[in-house]
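See below for the structure under consideration.
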Amino acid sequence: MSHSRFCSACLAVLLSLLVATGPSRAVDDPPDVEINPLNGLIEVTDAFLDGGDYEIRHVVKPSSGPALEEVVLTDDAAGDLGSRIDIKPNGETWVVWWRDSAVDEVLYRVRDFQTGAWTAEARISSQGVGSRHPEIVHDGATTWVAFETDHVAGTALAVSATNDSPEPFPTATIVAATDFTGNPDVLIESTLGHVWITWVDSADKVGWSEYDHGTGLWSEPQLEPYGEKVEDAREAIRTTVLGP
C-alpha cells in the first residue's frame, strides 16, 4: 500500500464529519484515512488549527452513529503538520507527522489495538537535521517511513524502518539526493513483498529506488521521464517493480 491510495468514500464521510464537528484543518494538508483490518472502523489523522498553531489529531468513526472518537496527539508551540496514518495487520495504528520548528523534525506515535493506549511522542529523523513530509507503510510487521531531509545537494530522500513497536527507529538511510527546487513529493509503497520509494526529481523526471530484502540495501536511484502527469511515471515505475 501507499498513501497515494485513499478510500474516497471513507474520506468523504470523515471530511463531512470533521467540518461539522471540529476546528479548521490546515490548508493544503488533507486528512489521511485508513480502515482498521481488525474491526473495520474508519480511522483518520489530520492537522487542525488550535489557537495560534496546528496540532495533530486522530479520529475514529464508530460503527454506528455520527459521533467521533477523537484524540489530540500533539501539544507543542510549533506547528505540527502533514500527518499520515498506517495500520498494521494486528490492528496497531501508527501516525507520523513533521514539526515545523527551528529544526524540522519527523515524529510518530503508536496506538495499541487492545488497550487503545498511545505511546509517547518519539522522533524518527536524525537530531539536528531538518526533516519533513513523512510517508508511512507497513510490509508485514516492518514499519517503513520515508521523508525529506536537508542535504548539501539540496534535499535528500531518507527511509527508516523498524520491526519493533514502539522501539526507537534506527538511523535513516539516505536513498538519494536531488537539487530539484520544487516539491519532491516523496511516496513509499509496499506491495507483494516489494518496497520502493518515488519522488519528483526534476520538472520532467521521477526518481525511484527499490529495497532489496536479500542484501538489505536500496538500489541505485533511477529516473523515469514523465510528460504532463507525475502519476504516469509512478505507474510505469510500479509496473517495472512488480512486473506486467
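Taken together, the values in this text are just the output of simple stated rules run on the coordinates, not laboratory data. Since the model is a prediction, treat every value here as computed from it, not as a measurement. Ideal geometry is used to build each Cβ from the backbone, glycine not excepted, and the neighbour counts take in all protein chains shown.
Numbers for the structure displayed
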read-out	value
The chain, relative contact order [Cα under 8 Å, separation at least 6], %	11 percent
Reachable lysines from Lys205, criterion Cα separation under 29 angstrom, eight or more residues apart if same chain	Lys229
Sorted largest first, extent of region 85-195 alpha carbons per principal axis (Å)	44, 34, 21
Size descriptor, Kirkwood hydrodynamic radius, that averages inverse alpha-carbon separations across the chain, Å	18.5 Å
Rounded to the nearest 20 debye, dipole of the chain from Cβ charges on Lys, Arg, Asp, Glu	480 debye
Average projected area [Cα convex hull, region 130-179], square nanometres	3.5 nm²
Rounded FRET efficiency, nearest 0.05, which uses the C-beta distance separating Thr239 from Ser202 and R0 of 25 Å	0.75
Under Karplus coefficients 6.51, -1.76 and 1.60, residue-wise ³J(HN,Hα) of region 196-212 in Hz, glycine/proline x	8, 10, 10, 7, 7, 9, 6, 5, 9, 9, 10, x, 7, 8, 10, 7, 9
The chain: most fluctuating residue of Val186, Val200, Val103 per GNM, C-alpha cutoff 10 Å	Val103
Candidate lysines for bridging to Lys88, where Cα separation is under 22 Å - those fewer than 8 sequence places away on the same chain excluded	Lys61
Part-to-part distance (alpha-carbon centres) for region 75-117 and region 192-226, which is given in Å	25 Å
Extension reserve of the Ser219-Ala120 stretch, reckoned as 0.36 nm per residue once the Cα distance is removed	32.3 nm
